[in-house]
Amino acid sequence: MAKKTVKEFSVDLYEKYVEVSISTENVKPHKYRIFPDERQGSDIKKIASHISSGLETAKSSLKKIGISDYQERRYVFLDLPNDTYSSQYTADKL
């Protein structure tokens, strides 16, 4: 998982999912629609808050994050500075 610098991000909360857009050194932003699941729980607000907090910490402290996805299984892995390990989310790449 290559580490990236967070330049800009948005975390938009909807009733049943969270849309996340992360701009890094890549030309194209990383965009995902993240859903609640057994691993992360059913509280979509908590998921949105955790991701937003991690991205804000990374951006403000210039810490790099890891992003990788496994589209065949609808997973995205986010390695954020507020986690002790990479977190797996159920997500669709946008």
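Rounded to the nearest Hz, the phi-derived 3J(HN,Hα) couplings of region 70-87 under the Karplus curve 6.51 cos²θ - 1.76 cosθ + 1.60 (θ = phi - 60°) are 10, 5, 4, 9, 6, 10, 10, 10, 10, 9, 9, x, 8, 10, 8, 8, 5, 9, where x marks glycine and proline.
Per 0.36 nm of contour for each residue apart, how much would the distance between residue 57 and residue 42 grow if the chain were fully extended, relative to their Cα-Cα spacing?
Working: separation 15, 0.36 × 15 = 5.40 nm, distance 2.39 nm.
Here the answer is 3.0 nm.
Between their Cα atoms, which of 7/63; 59/93; 3/45; 4/46 are more than 18 Å away from each other? Could you put the intermediate results ahead of the total?
Numbers: 7/63 11 Å; 59/93 22 Å; 3/45 26 Å; 4/46 24 Å.
Flagged as over cut-off: 59/93; 3/45; 4/46.
Contact order for the chain, expressed relative to its length and based on alpha carbon pairs under 8 Å spaced 6+ residues apart, stands at 29 percent. Considering only 90, 29, 77, the residue lying farthest towards the positive end of the dipole of the chain is 29, judged by Cα position with unit charges set on Cβ. Rounded to the nearest 10 degrees, the angle from helix 44-61 to the longest Cα principal axis of the chain is 0 degrees.
Select from 56, 25, 72 the residue whose mean-square fluctuation is largest in a Gaussian network model of the chain (Cα-Cα springs shorter than 10 Å). Its mean-square fluctuation being the largest, the pick is 72. With protein chains left intact and a 1.4 Å probe, residues in region 1-75 average 65 Å² of accessible area per residue. Across the accessible surface of the chain, with the other protein chains kept in place and a 1.4 Å probe, carbon and sulfur atoms take up 47 percent. Could you list the chymotrypsin sites (Phe, Trp or Tyr not before Pro) in region 15-87 that lie in coil according to DSSP, counting only those with at most 13 other Cβ atoms within 10 Å of their Cβ? Counting only loop positions with at most 13 other Cβ atoms within 10 Å, the chymotrypsin sites (Phe, Trp or Tyr not before Pro) in region 15-87 are 85.
What is the local net charge at residue 73, summed over the other residues whose Cβ is closer than 14 Å to its Cβ (Lys, Arg +1; Asp, Glu -1)?
Working: positive: 39, 74, 93; negative: 37, 38, 69, 72, 92.
Once positives and negatives cancel, what remains is -2.
Checking (i) 14.2, 54; (ii) 12.0, 33; (iii) 12.3, 40 against the coordinates, the calculated Rg and Dmax of the Cα atoms in Å falls under label (ii).
The values are calculated or read from the model by the stated rules, or taken from the named source; none is laboratory data. Keep in mind it's a predicted model, so treat the numbers as computed, not measured. Don't worry about glycine lacking a Cβ; one is built from the backbone with ideal geometry, like all the others, and counts go over all protein chains shown. The protein model used for the area step is the full one, side chains on, heavy atoms only, and it has no ligands, DNA or RNA in it. Shrake-Rupley method; radii C 1.70, N 1.55, O 1.52, S 1.80 Å.
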